[in-house]
1. Go through the stretch 37-59 residue by residue and tally those that are under 28 Å from LEU76 (Cα atoms) and not in a helix (DSSP H, G or I).
2. Within the stretch 25-36, track down each residue that is closer than 14 Å to GLY73 by Cα and hydroxyl-bearing (Ser, Thr, Tyr).
3. Pairs under 8 Å by beta carbon, first residue on the phi < 0 side of the Ramachandran plot in the stretch 65-90, partner at pLDDT below 90 and aromatic (Phe, Trp, Tyr), six or more apart or different chains?
4. Could you look through the stretch 48-92, keep only residues that are over 18 Å from the mean Cα position of the chain (by Cα), at pLDDT 95 or above and among the polar types (S, T, N, Q), and pick out the one that is surrounded by the fewest Cβ atoms within 10 Å (Cβ to Cβ)?
Amino acid sequence: MSTEKSIEKSADKKSALKKAKGFKKSKAGTYLSIGTTLFGAVSVAKQAKKARGERDTLQLVDAVVSAAAIATGVALLVRELRRMNSDDVLAG
């Protein structure tokens, strides 16, 4: 009995993992990713402001590199969102 239950739990976990991966590839998941990525920009802006105030060049460079990574990430997510929208037009 316990072996059957563990197999059943394992199958449930795999199913939940599949659903989570599917959500990540969905429009809603992409919008959520864009939002969370942009939320990171607030932290980077604070870091840059603090670095300028302290005249800390190394922290400022770190903030600029982080901002570039955020911009690139958002651009990639927007491109993926546009591809999803163009696929919908072709499918519908």
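The values are calculated or read from the model by the stated rules, or taken from the named source; none is laboratory data. In this text, all values refer to a predicted model and were calculated from it rather than measured experimentally. All Cβ positions, glycine included, derive from the backbone under ideal geometry; neighbour counts span all protein chains shown.
1. 0
2. THR30, TYR31, SER33, THR36, listed by residue number.
3. No pair meets every condition.
4. Step one: list which residues in the stretch 48-92 are over 18 Å from the mean Cα position of the chain (by Cα), which gives 48-64, 85-92.
Filter once more, so that each one left must be at pLDDT 95 or above: 48-64.
Those left that are additionally among the polar types (S, T, N, Q): 57, 59.
Values: THR57: 10, GLN59: 15.
The selected residue is THR57.
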